[in-house]
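Working notes for the structure below.
Coordinate-derived values only; no laboratory data. Since we're looking at a predicted model, the values are computed, not measured. All Cβ positions, even for glycine, are placed from backbone atoms using ideal geometry, and neighbour counts span all protein chains on display.
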Amino acid sequence: MTDRRPFVGGNWKMNTDLASAVELAEDIVAGIGGLTEQCEVAVFPPFPYLHSVGKTLEDHRIILGAQDVYHESNGAFTGEISVEMLLDLKVGVVLIGHSERRHVIGEPDELINLKALKAIEAGLDIILCLGENMTQREAGQTKQINLGQLEAGLSGIPTSQMSQVTIAYEPIWAIGTGLSATPADAEAAHGDIRGKLADLYDDSVANSVRIQYGGSVNANNAGDLFAQPNIDGGLIGGASLKADAFLDIVRDAARSG
Ligand code: PGA
C-alpha cells in the first residue's frame with residue numbers, strides 16, 4: 001500500500017489550435033467530477049494557449065502545466081519562456097527533459113538540470129522525464145540510462161524540495177508508437193528508479209516521489225499499468241487529446257490510488 005496520490009498529466013505537445021484547446025479543456029472540466037479528490041490532474045497545452053486554457057481551468061482543481069521552460073529570468077533569449085512568465089499565467093507544473101526536447105531538439109542533461117533547478121527554486125513543481133531508446137534497451141542498458149538521467153536531472157535539488165518533483169519514465173520506443181511497455185517491464189524500471197531515489201536521498205523521499213509511466217498509454221492499457229505498485233499514474237500524449245479517453249485514464253488512476 002502507498003499513500004502516494006496518483007498523478008495524470010495530459011501532454012498536448014504541438015497540437016490543437018486556440019479554439020480546440022479551449023474546447024478540450026472545457027470538456028475535461030465538464031467530465032472531471034470528483035476525480036481530482038483521488039487523483040492529481042494536469043494538462044500541458046502549447047505555450048500560446050496557456051492563458052486561455054488557464055482561464056477555463058480556473059477553480060476546477062485541474063493544474064495548468066507547461067511543456068518546457070528556460071533557466072534564465074529575462075534578457076536576450078529569443079524565443080524562450082521564463083519561470084516568471086509561467087508563474088504569471090498561474091502555471092503550477094512544468095515538464096523538464098521530455099524525450100522530444102532531449103532527442104528532437106537536442107537538450108543535454110546539463111541544460112535539463114539547469115531548467116529543473118530554476119523551476120524548483122521558483123516554486124514550480126516539475127515532472128522530470130527520462131527513458132531509454134530501443135537500441136539502449138536491446139543492449140541491456142535500460143537501467144544505466146534511466147538512473148544516469150535521473151541523477152543528472154536531480155543534481156543539486158535538496159531533499160527539502162523533492163516534494164516538488166515527479167518523475168516520468170517514458171521509454172522512447174513506446175512514445176507515440178502504440179507499443180506500450182508491459183506492466184511488468186514498466187514496474188521493473190520504476191522499481192529501479194525508486195531504489196536510486198533512496199540512494200540519492202533517503203527512504204522517505206523514495207517512498208513519496210510519484211513516478212508516472214508514459215508511452216502509448218490509452219484507456220485500454222492504463223488500468224493494468226497503474227495497478228503496479230510503483231506506477232503512480234501516467235503522462236499521456238496522444239490519448240490526452242480526446243477528453244473522453246483522457247477522463248477514462250484519469251478514472252483508472254483514481255481507482256488505483
Ligand atoms: P504518447 O506520448 O502517449 O502519445 O505515447 C507520451 C508522452 O510523450 O508524454
#### Entry: Estimated distance in nm for a label pair at E72 and A30, the labels positioned 7 Å out from Cα along Cα-to-Cβ
4.4
### Task
Would you work out which of G97, L50, G33 lies farthest towards the positive end of the dipole of segment 32-97, given +1 charges on the beta-carbon of Lys and Arg and -1 on that of Asp and Glu, about the Cα centre?
G33
### Cα-projected label distance for R255 with E138, points at 7 Å along beta-carbon direction, nm
3.6
### Query
If you plug each phi of segment 59-66 into the Karplus form 6.51 cos²θ - 1.76 cosθ + 1.60 with θ = phi - 60°, what whole-Hz ³J(HN,Hα) values come out, in order, with x for Gly and Pro?
6, 10, 6, 9, 7, 7, x, 10
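All other residues with a Cβ under 14 Å from the Cβ of S73 taken together, and with Lys, Arg as +1 and Asp, Glu as -1, what is their net charge?
Around S73, the surrounding residues sum to -3.
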### Task
Report, in deg cm²/dmol and to the nearest 500, the calculated mean residue ellipticity at 222 nm for the chain, where each DSSP H run with n ≥ 4 adds -39500 (n - 2.57) and the sum is divided by the residue count.
-11500 deg cm²/dmol
### Task
Mark the label point 7 Å from the Cα of D224 along Cα→Cβ and return the residues of segment 156-189 whose backbone N is within less than 18 Å of it.
171, 174-189
### Query
In percent, how large is the relative contact order of the chain, given Cα pairs closer than 8 Å and 6 or more residues apart?
23
### Task
Run down the aspartates and glutamates and flag those whose C-alpha is under 15 Å from the C-alpha of K242, throwing out any fewer than 8 positions away in its chain.
D17, E23, E26, D27
### Charge dipole (debye, nearest 20) of the chain; +1 at Cβ of Lys and Arg, -1 at Cβ of Asp and Glu
160
### Query
Please state the relative contact order of segment 94-173 as a whole percent: Cα pairs under 8 Å, 6+ residues apart?
40
### Query
If segment 7-256 were replaced by its equivalent ellipsoid, with semi-axes equal to the square roots of 5 times the Cα gyration tensor eigenvalues, what would those be, largest first, whole Å?
25, 22, 17
### Task
With an 8 Å cut-off on Cα pairs and a minimum separation of 6 or more residues, tell me the relative contact order of segment 149-242 in percent.
34
### Task
Would you mind pulling out the separation of the Cα centroids of segment 1-62 and segment 154-225, in Å?
20
#### Entry: Contour minus Cα-Cα distance for D202 and L179 (0.36 nm per residue)
4.9 nm
### Query
At what distance in nm do the modelled label points of Q38 and S160 sit from each other, each positioned 7 Å from its Cα along Cα→Cβ?
3.6
### Query
Based on the Cβ-Cβ distance from M14 to K55, what FRET efficiency comes out when R0 is 25 Å, to the nearest 0.05?
0.75
### Task
Determine which lysines satisfy two conditions relative to K90: a Cα distance under 22 Å, and not lying fewer than 8 residues away in the same chain.
K13, K55, K115, K118
